[in-house]
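None of the figures in this text is laboratory data; all of them are computed from the coordinates on show. Small disclaimer: the values here were computed from a predicted structure and weren't measured. All Cβ positions, glycine included, derive from the backbone under ideal geometry; neighbour counts span all protein chains shown.
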Amino acid sequence: MDLKTAIEKRSSVRHFTTDPVPPADLQEMVRLAGCAPSVNNSQPWRFVAVTNAALRRRMAQLVRERLIEILPSDPADEVERDANEKLLQFCTWFGESPAVIAVETRDYEAVLDRALIRAGMSAAEAMRLRGYPNSIAIGASVENLLLAATAMGYGSCWLTGPLVAARALESLIGTEAPWRLAAMVAVGKPVEPTPQSAKQPLEQIFRLIA
């Protein structure tokens, strides 16, 4: 599959067959994820693939428990109850996927960051001014992973909702400082073709200054 086709076919897939994802395929997805650009080639990423079914389900349970702590214990009405239940499902379904890849990151301080801080900015202000380059790098690596999965015949879904239980998940999968959980990606063979969601037309997202 060529790159253009992979980009146009990539979609968020949430329903997988029970077919396992071979370790060699997961490794190839991660290898390609690691080809992404990053500030000063800092490569602020690591990837932990989880194919153990019991561990994946425990991860999902930790997310569910944390959400139950956060959400109102006595929803005001049926609409709120339904919304809460949908959120619980939306953030925990990954537990039944064939594989989950946890994406870890760590902070990287560039020369420009230090210069901005010396000039009187806080670290948070410097990061905001520069567009959060570490987060952009993680996004680029995750997109590479998603496209690689698509090109290899897999479905995938980028997840950040489960990070509400980030500390518990980090403890469970062995993430240690200075690393922290940045995202998760569910991977598997799609049950059925999933078309890409509608995107904005080119004329709404492109402007040329010639």
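Would you work out which of Ala6, Pro37, Val50 lies farthest towards the positive end of the dipole of segment 1-79? Charges go on Cβ: Lys and Arg +1, Asp and Glu -1.
Pro37
Which helices pass in the chain if a helix is a full DSSP H run, must span at least 20 angstrom along its long axis by Cα, and must have mean Kyte-Doolittle hydropathy not below 0.5?
133-151
Treat every Asp and Glu Cβ in segment 33-92 as -1 and every Lys and Arg Cβ as +1, leave all other atoms uncharged, and give the resulting dipole magnitude about the Cα centre to the nearest 20 debye.
Taking the Cα centre of segment 33-92 as origin, the dipole is about 620 debye.
Would you work out the relative contact order for segment 44-155, in percent, from Cα pairs under 8 angstrom that are 6 or more residues apart?
For segment 44-155, the relative contact order is 37 percent.
At a threshold of 8 angstrom on Cα-Cα distance, excluding pairs fewer than six apart, so keeping six or more, what relative contact order does the chain reach in percent?
Relative contact order, the chain: 39 percent.
To the nearest 500 deg cm²/dmol, what mean residue ellipticity at 222 nm is calculated for the chain from DSSP H runs of n ≥ 4 alone, each contributing -39,500 (n - 2.57), summed and divided by the residues?
Computed mean residue ellipticity for the chain: -14000 deg cm²/dmol.
Treating the beta-carbon of each Lys and Arg as +1 and of each Asp and Glu as -1, no other charges, what is the dipole magnitude of the chain about its Cα centre, to the nearest 20 debye?
For this selection, approximately 560 debye.
Once amide H atoms are built 1.01 Å from N in the peptide plane, which residues 5 or more positions from Cys157, or in another chain, come under 5 Å H to H?
Sorted by chain and number, the residues that satisfy this are Val13, Ala186.
What order, most packed first, do the peptides 44-50, 74-80, 200-206 have when packing is the mean number of other Cβ atoms within 10 Å of each residue?
So the peptides 44-50, 74-80, 200-206, ranked by packing, come out 44-50, 74-80, 200-206.
Once you have the Kirkwood Rh of segment 151-210 from its Cα pairs, apply Stokes-Einstein at 4 °C and 1.567 mPa s and quote D in µm²/s. Numbers along the way, then the final one.
Values: Rh = 15.3 Å.
Reported coefficient: 85 µm²/s.
What does the C-alpha gyration tensor say about the overall shape of segment 1-103? Classify as rounded when a/c is under 1.5, otherwise prolate if a/b is larger than b/c, or oblate.
Prolate.
Rounded, prolate or oblate, given the Cα gyration tensor of the chain, with a/c below 1.5 counting as rounded?
Rounded, because the longest to shortest axis ratio a/c is under 1.5.
Between Ile205 and Leu112, what FRET efficiency comes out of the Förster formula 1/(1 + (r/R0)^6) with R0 = 35 Å and r the beta carbon distance, rounded to 0.05?
With R0 = 35 Å, the Cβ-Cβ based efficiency is 0.80.
Could you give log10 I(q)/I(0) at q = 0.13, 0.14, 0.20, 0.25 Å⁻¹ for segment 95-190, computed by the Debye formula over C-alpha point scatterers of equal weight, without solvent?
Summing over Cα pairs of segment 95-190 leads to -0.56, -0.64, -1.01, -1.24.
Could you run the Karplus curve 6.51 cos²θ - 1.76 cosθ + 1.60 with θ = phi - 60° over segment 95-103 and give me ³J(HN,Hα) per residue in whole Hz, x for Gly and Pro?
x, 9, 7, x, 8, 10, 10, 8, 9
Assuming 0.36 nm per residue, please report the length gained on full extension of the stretch Glu143 to Asn84 beyond their Cα-Cα distance.
Once the chain is fully extended between Glu143 and Asn84, it gains 18.4 nm.
Using +1 at the C-beta of Lys and Arg and -1 at the C-beta of Asp and Glu, which of Ala115, Pro20, Ser97 has the Cα lying farthest in the positive direction of the dipole of the chain?
Positive-most Cα among the choices belongs to Ala115.
With +1 on each Lys and Arg Cβ and -1 on each Asp and Glu Cβ, and nothing else charged, work out how big the dipole of segment 1-106 is about its Cα centre, in Debye to the nearest 20.
Roughly 540 debye, rounded to the nearest 20.
Could you give the length gained on full extension between Leu129 and Arg31, defined as 0.36 nm per residue of separation minus the Cα-Cα distance, in nm?
On the way: separation 98, 0.36 × 98 = 35.28 nm, distance 3.06 nm.
Full extension of this stretch gives 32.2 nm more.
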